[in-house]
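K.L.:
Following this message is one structure expressed as structure tokens.
Nothing in this text is a laboratory measurement; each read-out follows from the coordinates by a stated rule. A quick note: this is a predicted structure, and the numbers were derived from the prediction, not measured. Counting neighbours? That spans all protein chains shown, and the Cβs are built from the backbone with ideal geometry, glycine included.
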Amino acid sequence: MRHFHQICVIFMSSDNLLTVFEDVIDPFPYTLHLFTPRPLRFLKLKQAHPNTILNKWEWMFLFIDTETTGLPKYSATTDTEKWPRIVQLAWSLYDSDGNRESQNSFIIYPTDFIIPMESARIHGITTERAKTEGVSLHKVLPQFNADVEKATRIIAHNLDFDLPIVNTEFLRCKLETNLMKKQMVCTMKPREIVAWCKIPKASGYGFKWPTLTELHLQLFQEEFSGSHNAGADVEACARCYFELRKRGIIG
């Protein structure tokens, strides 16, 4: 017997198409026809299967984390002198079922910078260690960018910190990337997460953004080992993200 599938036609110009789309199709086995004025290179359509409740898209989630030489001054990323350098870059790529498809963590060779001791005390990476174990950004960024191209969403804990720092390094290396064009999710600042965690501010008024350790503790009643190691932080962020979705705290 031939199966006939429901068709959903969406006319959309919003950059938030993915979020809206996800809300629309979650309960239904739709085959989608999308009409937008701009190309959506990061979307991959798959025909709905007649025997499944939901036809899954090829959702790919890229989790990123950095350790740096210090804190940024939050200028435009093109003003590269005002942004700290990456000391460690870690990322993991997951599919929509939570299966990890790639995992990477690199200490960066400090070609033209030193790592201040106050920063090294936090993440444990000194200039000497980075010179011994580090890999050139010119080798790391193309590998990272290959996973960026596969990703539907870029996710980080405190995305406003990590994302522009990584983008600035692309500018310094004169390498192109679509990193800033992807859909982005932060696991620290959304009001839904802040309201759920209910961690009081020091002032006693309102709730503060949870640290990654605090969020992990709230969700799983345990801390994770290796905090402030970018590789460990990435995996903790991924675990928190999928649990937040599972509980319906975020979409």
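K.L.:
Any idea which of 138, 151, 164 is furthest toward the positive side of the dipole for segment 129-186, if Lys and Arg beta-carbons carry +1 and Asp and Glu beta-carbons -1?
P.N.:
138
K.L.:
Pairs 73/198; 73/150; 150/189; 150/208; 139/181: which are spaced more than 27 Å apart, C-alpha to C-alpha?
P.N.:
Beyond 27 Å between Cα atoms: 73/198; 73/150; 150/208.
K.L.:
Using amide H atoms built 1.01 Å from N in the peptide plane, name the residues 5+ places from residue 115, or on other chains, whose amide H lies under 5 Å from its own.
P.N.:
HN-HN under 5 Å from residue 115: 127.
K.L.:
Taking H placed 1.01 Å from N in the peptide plane, check which residues at least 5 places from residue 207 or on another chain put their amide H under 5 Å from its amide H.
P.N.:
Amide H to amide H, under 5 Å and 5 or more residues apart or across chains, residue 207 pairs with 201.
K.L.:
Among rounded, prolate and oblate, which fits segment 159-204 when a ≥ b ≥ c are the square roots of the eigenvalues of its C-alpha gyration tensor, a/c under 1.5 means rounded, and a/b larger than b/c means prolate?
P.N.:
Here segment 159-204 falls in the oblate category.
K.L.:
Counting Lys and Arg as +1 and Asp and Glu as -1, each charge on the Cβ, what is the dipole of segment 152-251 about the Cα centre in debye, to the nearest 20?
P.N.:
Around 420 debye, computed over segment 152-251.
K.L.:
Next question. Calculate, in whole percent, how much of the Cα-Cα pair population of segment 63-210 lies beyond 23 Å.
P.N.:
Value for segment 63-210: 41 percent of Cα pairs lie more than 23 Å apart.
K.L.:
Rounded to the nearest 20 Debye, what is the dipole magnitude of segment 62-193 about its Cα centre when Lys and Arg each give +1 and Asp and Glu each give -1 at the C-beta?
P.N.:
Dipole of segment 62-193, to the nearest 20 debye: 200 debye.
K.L.:
If you split all Cα-Cα distances of segment 95-173 into 5 Å bins from zero, what percentages do you get per bin, shortest first?
P.N.:
Computed distribution, short to long bins: 3, 11, 19, 24, 21, 12, 7, 2, 0.
K.L.:
Can you order the peptides 207-219, 131-143 by their average number of other Cβ atoms within 10 Å per residue, highest first?
P.N.:
The densest-packed peptide leads the list: 207-219, 131-143.
K.L.:
Also: Let me know the charge dipole size of segment 71-130 about its Cα centre in debye, to the nearest 20, where only the beta-carbon of Lys, Arg (+1) and Asp, Glu (-1) is charged.
P.N.:
240 debye
K.L.:
Below 8 Å, C-alpha to C-alpha, sequence gap of six or more: please give me the relative contact order for segment 176-251 in percent.
P.N.:
Relative contact order comes out at 25 percent.
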